[in-house]
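Beneath this line is the structure, given in structure tokens, with notes to follow.
The values are calculated or read from the model by the stated rules, or taken from the named source; none is laboratory data. The structure presented is a predicted model; accordingly, all values stated were derived computationally and were not measured. Note: ideal-geometry Cβ built from the backbone for every residue, glycine included; neighbour counts use all protein chains shown.
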Amino acid sequence: MLKKRIIPVILLKNGFIVQSKRYSEHKNLGNPIAAIKRMSEWGADELIYIDISKSKYFDESRQDLNNEEWRNLDDVYSGLSRNSFMPTCIAGGVRKHSDIEVRLKSGADKVGVNTMLFQNPQEVKKAALSFGVQSLVANIDYRVDGNNQRRVYVEQGSLATGLLLEDAVQWAIDHGCGELLLQCIDRDGAGRGYDIEGINACVKQSSVPVIALGGAGKWSHLELVIRETDVSAVAAANIFQFKDQSVFLAKKYLFDKGINVRKPQLFNMD
């Protein structure tokens with residue numbers, strides 16, 4: 001039986017890590033390179049980087065990164081990949097086939113597609129043929145409306161696609177995505193647990209692995225979504241940023257509860 005993966009998510013804005021709440025409130029948390037090293041040492045199974053920058057180019061001072069100069073997002077991705085020692089997925093700002101190619105060449109193992117998947121799906125299919133479906137992750141963001149309908153959004157949660165979540169899941173698979181990352185926007189940064197009902201329905205429908213994201217506020221939330229659904233992985237952002245050895249502690253909690261995760265272990269990356 002495959003181990004359940006524990007995946008920290010790093011949200012990037014102009015090259016810095018930020019904390020997010022409902023896709024609108026962003027608090028600067030600092031240096032991504034230091035965070036990558038911590039996640040590696042704490043035994044993360046994978047990393048997901050989601051870039052939410054509004055601009056493709058910036059000239060932020062990078063003294064906090066040992067004077068490494070990052071003039072644009074391609075520089076950022078290369079810097080992240082050089083310092084990461086685990087499988088990585090890079091998402092955000094992907095609009096065409098060449099964007100996927102650049103991120104894979106920079107060292108990413110997978111690329112997340114969101115807006116592109118629904119506005120330029122033939123380019124996603126083309127990328128699947130070029131690089132393989134295992135290289136593409138569908139980042140599906142959704143909100144729950146007053147009728148308990150899960151509706152999918154793009155452009156960082158600002159633009160409705162008109163699709164229901166179950167339709168978007170099938171759309172992603174049909175267009176060559178080999179994995180799904182499901183995030184309920186309403187739960188982003190809320191710390192009240194995952195959308196078990198929605199995730200479970202998607203897992204039962206999907207023929208590809210599903211990663212749950214959005215809402216983790218304590219380790220028991222990770223346990224619950226694994227027990228109640230057959231997700232392949234659980235991901236979280238904020239909860240892994242504010243506690244020393246967070247990934248190790250999360251895996252230890254789950255391991256001690258009998259969850260099928262890799263044995264928790266600390267590593268020295270120096």
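Looking at (1) at pLDDT below 95; (2) crowded, with 18+ Cβ neighbours inside 10 Å, which is the only condition Ala233 fails?
Tallying (1) at pLDDT below 95; (2) crowded, with 18+ Cβ neighbours inside 10 Å, Ala233 fails exactly one: (1).
Could you count how many residues in the range 139-156 are surrounded by 14 or more Cβ atoms within 10 Å (Cβ to Cβ) and more than 15 Å from Gln119 (Cα to Cα)?
Selection size over the range 139-156: 5.
Of all helices (runs of 4 or more DSSP H) completely enclosed by the range 175-270, which ones contain at least 1 residues that are aromatic (Phe, Trp, Tyr) and touching a helix residue (DSSP H, G or I) at 6+ places or on another chain (Cβ under 9 Å)? Walk me through how you get there before you give the answer.
On the way: elements: 196-205, 219-228, 246-256.
Because the criterion is at least 1 residues that are aromatic (Phe, Trp, Tyr) and touching a helix residue (DSSP H, G or I) at 6+ places or on another chain (Cβ under 9 Å), the helices (runs of 4 or more DSSP H) in the range 175-270 that meet it are 219-228, 246-256.
Hey, Ser98 hits all of (1) touching a strand residue (DSSP E or B) at 6+ places or on another chain (Cβ under 7 Å); (2) surrounded by fewer than 23 Cβ atoms within 10 Å (Cβ to Cβ); (3) free of Cβ contacts under 8 Å to residues at least 24 places away in the same chain but one; which does it fall short on?
In the conditions (1) touching a strand residue (DSSP E or B) at 6+ places or on another chain (Cβ under 7 Å); (2) surrounded by fewer than 23 Cβ atoms within 10 Å (Cβ to Cβ); (3) free of Cβ contacts under 8 Å to residues at least 24 places away in the same chain, Ser98 misses (1) alone.
Run down Leu159, Leu249, Leu180, Leu164 and say which single residue is crowded, with 21+ Cβ neighbours inside 10 Å and either at negative phi or among the β-branched types (Val, Ile, Thr) (or both). Break it down into steps so the answer makes sense when it comes.
Values: Leu159 fails: crowded, with 21+ Cβ neighbours inside 10 Å; Leu249 fails: crowded, with 21+ Cβ neighbours inside 10 Å; Leu164 fails: crowded, with 21+ Cβ neighbours inside 10 Å.
So the residue among Leu159, Leu249, Leu180, Leu164 that is crowded, with 21+ Cβ neighbours inside 10 Å and either at negative phi or among the β-branched types (Val, Ile, Thr) (or both) is Leu180.
It is to be established whether one or more residues within the range 18-25 are over 27 Å from Glu179 (Cα atoms) and either of a type outside the set (A, V, I, L, M) or at pLDDT 80 or above (or both). Reasoning before the result, please.
Keep residues of the range 18-25 that are over 27 Å from Glu179 (Cα atoms), which gives 25.
After this cut, where a residue has to be either of a type outside the set (A, V, I, L, M) or at pLDDT 80 or above (or both) as well, the list is 25.
The answer is yes, given that some residue of the range 18-25 is over 27 Å from Glu179 (Cα atoms) and either of a type outside the set (A, V, I, L, M) or at pLDDT 80 or above (or both).
Does the range 231-252 contain at least one residue that is of a type in the set (Lys, Arg) and touching a strand residue (DSSP E or B) at 6+ places or on another chain (Cβ under 6 Å)?
Start the filter on the range 231-252 by keeping residues that are of a type in the set (Lys, Arg), which leaves 243, 251-252.
Filter once more, so that each one left must be touching a strand residue (DSSP E or B) at 6+ places or on another chain (Cβ under 6 Å): 251.
Yes: the range 231-252 contains one or more residues that are of a type in the set (Lys, Arg) and touching a strand residue (DSSP E or B) at 6+ places or on another chain (Cβ under 6 Å).
Which of the numbered conditions does Glu123 fail, given that it passes all the others? Conditions: (1) under 30 Å from Gln241 (Cβ atoms); (2) surrounded by 19 or more Cβ atoms within 10 Å (Cβ to Cβ); (3) modelled with pLDDT of 95 or more; (4) of a type in the set (Asp, Glu).
(1)
Among the residues of the range 178-202, write down those that are of a type in the set (Val, Ile, Thr), under 17 Å from the mean Cα position of the chain (by Cα) and modelled with pLDDT of 95 or more.
The first filter runs over the range 178-202 and keeps only residues of a type in the set (Val, Ile, Thr), leaving 185, 196, 199.
Okay, now just the ones that are also under 17 Å from the mean Cα position of the chain (by Cα), so 185, 199.
Hit for the range 178-202 is Ile199, nothing else.
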